[in-house]
Amino acid sequence: MSLPEFPVEGGCQCGAVRYRLKASPMSVYNCHCKDCQRFSGAAWSMSVTTSRDNVEQLSGTLATYEKPSQSGRIISMQFCAHCHGWLWNLPQSAPGMMVLRAGSLDDLDWAQPVGNIWTDSKAAWVKLDPDLVNMPGQPSDREPLNKAWTELTGKDH
């Protein structure tokens, strides 16, 4: 798989919030937790993990919603203050990291998931690729996902 030339950009539905991803992320994976199902309106959401320093907000105002996640940790979800498009999470368990919503990228053709988390919560009809990194709940360590991304792309985070 080939990566785009970074930086790449993304934003919310209405265009008020725009951001720039400056370099290859740490990983891309699908999350099947109930929070992602409810907030995305789908069976899973695609997560793009990166360092907070790797993302530059270019415009717009954010609204924050903090809630206990399925794992019991507090999750800080950030949305466009105008259209309420879900853009990213700021995990309290990893203060230097952010989890972008892949669907907010202008072009997500390159954002191929290397795994799945919270597979115990997946919809019964979802078929998982056994060759991917699949985790039953919240990973205590995302390194297997990061390693799979590095192997797929040839880019180390």
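Quick notes on this structure:
- Meets criteria (surrounded by fewer than 15 Cβ atoms within 10 Å (Cβ to Cβ), among the hydrophobic types (A, V, I, L, M, F, W, C) and closer than 29 Å to L152 by Cα) for A42: yes
- Test for E56: is it among the acidic types (D, E) and touching a residue at least 12 places away in the same chain (Cβ under 8 Å): yes
- Applying the set (1) of a type outside the set (V, I, T); (2) closer than 18 Å to Q112 by Cα; (3) within 16 Å of the chain's Cα centre (by Cα) to L3 leaves exactly one unmet item: (3).
- Criterion violated by C14 - all others in (1) surrounded by 14 or more Cβ atoms within 10 Å (Cβ to Cβ); (2) in contact with a strand residue (DSSP E or B) (Cβ under 7 Å, 6 or more places away or on another chain) satisfied: (1)
- Candidates in the stretch 133-148 are the residues that are touching a residue at least 24 places away in the same chain (Cβ under 8 Å) and out of contact with any His (no Cβ under 7 Å at 6 or more places or on another chain); of these, the one that is farthest from I74 (Cα to Cα) is A148.
- Those residues of the stretch 107-157 which are in a helix (DSSP H, G or I), among the polar types (S, T, N, Q) and open to solvent by less than 30 Å² (accessible area, probe 1.4 Å), in sequence order: T119, S121, N146, T153
- Near pairs, Cβ below 7 angstrom, 6+ apart or cross-chain, from the stretch 65-78 (within 16 Å of S121 (Cβ to Cβ) and outside any strand (DSSP E or B)) to any residue that is among the polar types (S, T, N, Q) and open to solvent by 50 Å² or more (accessible area, probe 1.4 Å): S71/Q138; R73/Q92; R73/S93
- Residue in the stretch 55-66 that is modelled with pLDDT under 95 and more than 18 Å from V114 (Cβ to Cβ) present: yes
- Number of the condition not met by C83 [criteria: (1) in a loop (DSSP other than H, G, I, E, B); (2) open to solvent by 50 Å² or more (accessible area, probe 1.4 Å)]: (2)
- Boolean, R73 is under 21 Å from R142 (Cα atoms), basic (K, R) and surrounded by fewer than 18 Cβ atoms within 10 Å (Cβ to Cβ): yes
The values are calculated or read from the model by the stated rules, or taken from the named source; none is laboratory data. Just so it is clear, the model here is predicted, and its values are computed rather than measured. Cβ sites come from the backbone with ideal geometry, for glycine too, and all protein chains shown count toward neighbours. Ligands, DNA and RNA are stripped out before the accessible areas are found, and what is left, the full protein with its side chains, is counted by its heavy atoms. Shrake-Rupley method; radii C 1.70, N 1.55, O 1.52, S 1.80 Å.
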